[in-house]
Amino acid sequence: MKKQDTKLVHSGSYPEKQGGSVNPPIYHASTVSKPSVAALEIARQEPDADFMYGRHGTPTSRAFEETVAALEGGEKCVAVGSGLSAITTAMLAFVKQGDHVLVCDNAYSPTRNFSEKFLKRFGVETTYYDPFIGTEIKRHFQDNTKVIYTESPGSHSFEIQDIPAIAEQCHKSEIKVVMDNTWSAGYFFKPFNHGVDVSVQAATKYYVGHSDAMLGAVTTKAEDFAAIRDSARILGYHAAPDDAYLGLRGMRTLASRLKRHEKNALIVADWLKTRPEVHTLLHPAFPSCPGHQIWKRDFTGSSGLFSILLNEYSGDAVAAMIDGLELFALGGSWGGYESLVWRTQLTRSATKWDSAKPCIRLHVGLEDPDDLIADLTEGLNRLNNFS
Ligand SMILES: Cc1ncc(COP(=O)(O)O)c(C=O)c1O
């Protein structure tokens, strides 16, 4: 079995089929013609083995899917147009009117929107649960519970969930475990070794890696693949050819980029934790982060995204700190080469969140960490000097 850095470089690569080019061509396709009725029949019978129509995928998106599946450790992957469509593909694959889903209280807010503004309209009820619930998740099971949605760590508040404990309980009741695994990029956490049934990636983040494309990926074990593929197809979701290509291209250098994001983020976080303005460091690799012990047990590293809770400063002081940053752009995405800052506001219904302490999320990019620390030092000076 090849190591993951090798898989990232070689999966989905077929130079012999493309004139020796190591990268696949970008197939811009709607029509896919067939040489005969017999060939059409084969494509109908084996939808994953052949190509039928641009929306159902091309050799470009297939190469990306193969690489994601190899990295995540699942058997099959479906590429879609964004991380959010990957989430909705996964949830809709397993629910019908009258069903119930469990969603972690720290979920990415558009996932909550999807539950409240969409699933609810179609008669699917949601219960939010404490991300630290572990085996006690069983208290929330109902006869009609079909899916549990997990996001570990939460992408703003960084709670690490006990996925194996949750999955063990869920599987006793035939509940599918869906995980948003974007933070680890499938590199630092292997979802299928920990009981996850469907792993979702906002490939927009670390896979694309250059902040220039929207892309999502849903990876499963073989037994759930037909449900996932049909969900994406019925919804009309697909990955645009250029974006699938950019996702694959980004994955070829993912290992080295991620290791640098990890190193830089650890340096910046280590410095921030010594600063008197910082109340709590929410970075899973540090003991101050809730769930740190589980991170140590289940993850092999950390990426470039974490948060800090400041002491109680006014909103204007925090704005002055953020607005003057030179290297950290104010942006809601992450996973690209560049550093970003975000002023987080959280919604909670099953747990409590102390919003008196301003929460700031940082994505630490590939710049020199000394320059990033100098920029943040100036920012903290503005915070202190604001009157
Ligand atoms: C944790 C997480 N999951 C999913 C998404 C959605 O991805 P996309 O923006 O590609 O729809 C995001 C986007 O910010 C995210 O942060």
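Suppose R0 equals 35 Å. What FRET efficiency, 1/(1 + (r/R0)^6) with r the Cβ-Cβ distance, do A356 and E378 give to the nearest 0.05?
0.90
How far, in nm, would the chain grow between D212 and K117 when pulled straight, counting 0.36 nm per residue and subtracting the alpha carbon separation?
Full extension of this stretch gives 31.3 nm more.
Based on Cβ point charges of +1 for Lys and Arg and -1 for Asp and Glu, what charge dipole magnitude is obtained for the chain about its Cα centre, in debye rounded to the nearest 20?
Dipole of the chain, to the nearest 20 debye: 600 debye.
Quick one: Kirkwood hydrodynamic radius for region 250-373, alpha-carbon pairs, angstrom, one decimal?
With all distinct Cα pairs of region 250-373 included, I get 15.2 Å.
Sorted by packing (mean other beta-carbon atoms within 10 Å per residue), highest first, where do 1-8, 128-135, 64-71 land?
Numbers: 1-8: 13.8, 128-135: 19.5, 64-71: 24.9.
In decreasing order of mean packing, 1-8, 128-135, 64-71 become 64-71, 128-135, 1-8.
Quickly estimate the mean residue ellipticity at 222 nm for the chain, helices only: each DSSP H run with n ≥ 4 gives -39500 (n - 2.57), and the total goes over all residues, rounded to 500.
-10500 deg cm²/dmol
Using the basic label-point model (7 angstrom from Cα toward the beta carbon), what is the D323 to R297 distance in nanometres?
4.6 nm
Between V22 and Y337, how many nm apart are label points set 7 Å from Cα along the C-beta direction?
About 1.8 nm separates the two model spin labels.
Using per-residue counts of other Cβ atoms within 10 Å, averaged over each peptide, order 31-42, 74-85, 350-361 from highest down.
Those peptides, ordered most packed to least, come out 74-85, 350-361, 31-42.
Starting from the Cα-Cα distance between T6 and F386, subtract it from 0.36 nm times their residue separation and give me the gain in nm to one decimal.
Working: separation 380, 0.36 × 380 = 136.80 nm, distance 5.02 nm.
This chain segment gains 131.8 nm when fully extended.
Angle, helix 222-235 long axis vs. longest principal axis of the chain, Cα atoms, 0 to 90°, nearest 10?
Its long axis makes an angle of about 90 degrees.
Just want to confirm a number: the relative contact order over region 254-385, from Cα pairs under 8 angstrom separated by 6+ residues, in percent.
Relative CO of region 254-385 lands at 29 percent.
Using θ = phi - 60° and the Karplus curve 6.51 cos²θ - 1.76 cosθ + 1.60, what whole-Hz ³J(HN,Hα) does each residue of region 242-258 get, with Gly and Pro shown as x?
Going residue by residue, I get 5, 6, 4, 4, 5, x, 5, 4, x, 5, 4, 10, 4, 4, 6, 5, 4 Hz, with x marking Gly and Pro.
Quick one: compute the contact order of region 4-252, relative version, from alpha carbon pairs under 8 angstrom and 6+ residues apart, as a percent.
26 percent
Express in nm, to one decimal, how much length is gained between D50 and S109 on full extension, taking 0.36 nm for each residue of separation and deducting their alpha carbon distance.
Computed gain between D50 and S109 is 17.6 nm.
Any read-out appearing in this document is the output of simple, stated calculations on the displayed coordinates, not a laboratory observation. Predicted, not measured: the structure shown is a model, and the values here were computed from it. Don't worry about glycine lacking a Cβ; one is built from the backbone with ideal geometry, like all the others, and counts go over all protein chains shown.
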